[in-house]
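Below is one structure, written out as structure tokens; comments come after it.
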Amino acid sequence: MAAMRHLAMLHGMTGTSSKMRPLAESLAPDNWGVVCPEGTYVHPRSGRAWWVREEGVKTAVDDQILVSMKNLEQSLPEGKLIVGGFSQGGAIASAMLETSVEERILGLVLLSTLTLRSRQLQKTLNSIRPRSMVWMHGERDHLVNIDDGEKLASIFEDAGWNVIRLRHKKGHMVDLRQKGSLIDAVRMMSEGG
């Protein structure tokens with residue numbers, strides 16, 4: 001029997017897996033499992049995070065990102081995956097292409113996010129086969145500037161990926177009016193497109 005396929009969606013900073021699960025379940029193709037891992041670190045305000053920034057300590061963030069990537073690499077289920085995330089979760093989702101999970105990833109769902117490791121991402125993308133990615137970002141996002149989000153999408157396009165861009169006029173959020181387009185993009189990825 002073939003291994004089950006999963007949509008893995010990663011929450012943003014101060015989020016939780018339970019907050020991400022309703023969106024993930026609504027995007028998952030029929031007969032696909034859903035996993036929403038919990039961020040590695042407790043955030044001091046609330047919820048969880050994939051890294052916690054400390055003023056003036058860049059290496060701590062880099063180390064925390066690597067720990068989060070390793071934890072996910074070891075905990076994501078077997079079988080084919082579509083990996084996505086919102087904000088911090090999206091940054092970690094794209095970084096998972098640097099791990100052994102890469103060969104099982106059919107596509108990415110990157111929502112209101114950026115990359116903190118652009119050179120590493122470019123290097124990785126140049127050494128793997130292109131796939132599809134759906135990107136969504138708000139023009140009035142005050143936490144992740146849309147220019148940084150556009151840069152991320154362009155890095156994937158420059159590497160030959162099929163990037164479906166969903167731009168909206170709102171802020172740091174998922175535009176539910178475009179949810180049908182997200183569902184269609186995830187379904188296309190699940191069918192190998």
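Straight Cα distances below 19 angstrom link Lys19 to the aspartates and glutamates Glu38, Asp175, with same-chain residues fewer than 8 positions distant left out. Within the straight-line cut-off of under 14 Å between alpha carbons, the aspartates and glutamates reachable from Lys151 are Glu139, sequence neighbours fewer than 8 places apart in one chain being disregarded.
In this entry, region 106-162 is assigned a mean projected area of 3.6 nm², taken as a quarter of its C-alpha convex hull surface. Along each principal axis, taking the top coordinate minus the bottom one, the Cα set of region 1-92 gives 49, 23, 16 Å in descending order. Within the same chain, lysines fewer than 8 places from Lys169 are excluded, and of the rest, those with a Cα less than 17 Å from its Cα are Lys179. The mean accessible area for residues of the chain, using a 1.4 Å probe and ignoring ligands and nucleic acids, is 48 Å² per residue.
Mean sequence separation of contacting Cα pairs (under 8 Å, at least six apart), scaled by the length of region 61-138, corresponds to a relative contact order of 29 percent. Summary value for the chain: 19 percent relative contact order, contacts being C-alpha pairs under 8 angstrom separated by 6+ residues. The candidates Glu25, Glu103, arranged from most to least accessible area with a 1.4 Å probe in the full protein assembly, appear as Glu103, Glu25. Quick check: Cα centre of region 73-122 to Cα centre of region 147-182, how many Å? First find each Cα centre; the distance between them is then 15 Å.
Within the accessible area of the chain, what % is carbon and sulfur when the probe is 1.4 Å and the other protein chains stay in place?
Roughly 49 percent of what the probe reaches on the chain is carbon or sulfur.
The values are calculated or read from the model by the stated rules, or taken from the named source; none is laboratory data. Because the structure is predicted, anything quoted here is derived from the model rather than measured. Just the protein is used for accessible areas: all its heavy atoms, side chains included, with ligands, DNA and RNA removed. Shrake-Rupley method; radii C 1.70, N 1.55, O 1.52, S 1.80 Å.
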